[in-house]
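The values are calculated or read from the model by the stated rules, or taken from the named source; none is laboratory data. Note that the structure is predicted; figures quoted are calculated from it, not measured. Note: ideal-geometry Cβ built from the backbone for every residue, glycine included; neighbour counts use all protein chains shown.
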């Protein structure tokens, strides 16, 4: 009897703590606060997470510790990652799974100064190209490797200053971010040449939501709630862009990240466009199996990964 | 103007004076405003240029001297590069010697000293008034990727970093000046690392924030990439570039200015932001490739002028109001006697000549008016007095003349028909004097049962003398005729009686006849009178062809002629004075003998009264209301013959 009572209390307490743990969730976007993550801030500030019974803590990566590391170190329960980054990590035995695909298109591009005379991709052969140290370098490298272009990759943090100062021939930029920063640093669009990766067969989906497989197995219900509330957050941002921008700017100011209305407005417009499936045969928030295999093959061909990853094991859509 | 003319004289004068003053003021204000505006604009622009220049000099001085400090230490570091542990001392030394510097690092390239590892960067920074020395660089603060290291290391030249919040080092908004340093093993120059000093931007903000121009004008520093390093709105600092701000404000001109700044140009340009016209004066800080801009509002530039103008307008409005009140009062005072004069004039017009005139103490036009009024008053009094007397005299004379007329008219027979018991004859006569009394006369009476005496005459002249002469003539006729049957004898007697003592040489044209009613024989004498007209029974009308003697009263003892004519039954005689034939109309055309004859012709069926009235009407028609100038006298006689 005594033994039974102890067992009951243990089960009840275990259940209580389990519930308490599940109701709190840490999310790490894969960069510093900006409109790229508007949907998450909106979902938090508008109480969409709370409505789902979740207490979501948004914890940003630092300039030197990226989101993947945070997931691996269990500093975050859910992270947003590029598909390529996630696949690479999975191949490196980080058991992460995609629980929803936010972005459906590639925003990556190279930018060169028009006066450099680099008009075609092949002219970047043998040139110095700036690329982020914190990640997102797989597709650019895959693109150049596939084309057998020998490139000197110059790691940078987040600023465009090296490119602006003429320290590199080209810079890897996001259409929604660094490209507009360059415009806002005084370069006119007609003074730049751009190379959109999607134009070179690399329309690889980008931001997706990932968690460790173990988390998926243990907290599926909470993850479903999180994704549902996040999608609501994005829909709200689409319908109320000005309000969403206010939320983003507040978040950025809090983090002492230099920003301004103009740039975040541009970014939000871009991101909302990238989130739409467009001509792809998927629903919003879904990962296309075709894209998955395309990306996987890209990484395999580029010798980034050697092991096979199956779609079913990688993609665990929590909303289904 | 119609409404103005109804207003009082004082109001009208004030109206014109005020209108002219307003006009003058508006012209003056416009000229003042135009020239002042020009002058203010020139001075403010000049001030702004100087301010920009001075601020650039002040800020650039700090930047240049900081650069020099680094240069001075570089050779020391390069010389002692084989002693890594001494490097920290240099960083401390830099801060000790240069209070404006808040951090100094000697950042060696990766693995420069094998024993120091991948990262080696002695770094000293200020913290709470003390110096803290540490090592920069670890996995989380990978300084090789920091702009302050990477860019000068790549470009191999000194570099002023974009302003930044340094989370790894000074933890404040700062800028870093970096400079590559080299090692020289075996005589070969090799890149060794980056030497940096950190400057807080507070000194910058202090200098730049102290710049004030006009009310809200300010200075701002913009970095190489367009980032606002200083700005009065702290939300803009580090968050906005001039280009993002231009896009947010939808102001392409500002973007152009930003690009000019990046090109190191100096400029002075107008730009409209938030509907506010701003003037931007900018000049590069050549040491760092940043730009200093002085910004001020065009509106504020003219604000003092507008204030002065407003004050002027208020003063003028108050002044004008006072002027209007004062001028109106003064004018009203000055012309106040006019009202009294008007009152006096009405009094005088009503006959009160002794009315008191207003007292005028001044010696101006009003005094002249007063004197003229006084003179007029006196003259009027005299005139009216004389007029009264004259009128009284005239009325008396008129009254007497009226009586005289009545007497005169009483002297001539006026009962028609005069002889109702005498069927052989009928007669009608009329006398209309031109004045109260006249000089014409007619008369008729029976001398005996068978003889009718008739006469018509016209005394020379008119009025009272003529009427008296007429009265005498008529009285004489009545006294002489009863004992006579000869017209010649009667007229001779009359002539002699009138000619005696006729000092005034008056005379009478006179026609008289005596008709024997039984025989129709008529004796007659014409003393210078118009020949009568005879209309016989056959309706033949003609003037008497008779001897026309001189008028009576002229020459004593003149022997007049007597004629005889036998009247047939129903012969009509028409006698008249020259008042009829010489009656004038407005065109001074005479009635004439011819028209009289024409009027008389064909009237043999008419009675004497009808003949007279017909002629009288014809004369009236002829003269057409023209004033009667002579007495009008007519007589018509019809001889009807013996009663069978």
For residue B:555: the one exception among (1) within 24 Å of residue B:484 (Cα to Cα); (2) at pLDDT 90 or above; (3) surrounded by fewer than 17 Cβ atoms within 10 Å (Cβ to Cβ): (2)
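Test residue B:193 against the stated conditions and say whether it is within 14 Å of chain A (Cβ to nearest Cβ), buried (at least 22 other Cβ atoms within 10 Å of the Cβ) and either within 21 Å of residue A:162 (Cβ to Cβ) or touching a strand residue (DSSP E or B) at 6+ places or on another chain (Cβ under 9 Å) (or both).
Against the criterion (within 14 Å of chain A (Cβ to nearest Cβ), buried (at least 22 other Cβ atoms within 10 Å of the Cβ) and either within 21 Å of residue A:162 (Cβ to Cβ) or touching a strand residue (DSSP E or B) at 6+ places or on another chain (Cβ under 9 Å) (or both)), residue B:193 does not qualify.
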Residue in region A:196-204 that is in a helix (DSSP H, G or I), without any contact (Cβ under 8 Å) to a residue 40 or more places away in the chain, surrounded by fewer than 21 Cβ atoms within 10 Å (Cβ to Cβ) and over 25 Å from the mean Cα position of the chain (by Cα) present: no
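Would you confirm whether or not region B:502-517 contains a residue that is farther than 29 Å from residue B:595 by Cα and touching a residue at least 60 places away in the same chain (Cβ under 8 Å)?
Yes, some residue in region B:502-517 is farther than 29 Å from residue B:595 by Cα and touching a residue at least 60 places away in the same chain (Cβ under 8 Å).
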Every pair of residues 6+ apart whose Cβ atoms lie under 7 Å, when the first sits in region A:112-133 and is within 14 Å of chain B (Cβ to nearest Cβ) while the second is buried (at least 16 other Cβ atoms within 10 Å of the Cβ) and in a helix (DSSP H, G or I): A:130/A:162; A:130/A:163; A:131/A:140; A:133/B:145
Any hit, region A:61-78, residues being at pLDDT 95 or above, in a strand (DSSP E or B) and within 17 Å of residue A:225 (Cβ to Cβ): yes
Any hit, region A:243-259, residues being away from chain B (no Cβ under 14 Å), at negative phi and under 18 Å from the mean Cα position of the chain (by Cα): no
Residues of region A:161-177 that turn out to be more than 7 Å from every other protein chain (Cβ to nearest Cβ) and in contact with a strand residue (DSSP E or B) (Cβ under 7 Å, 6 or more places away or on another chain), as a count: 9
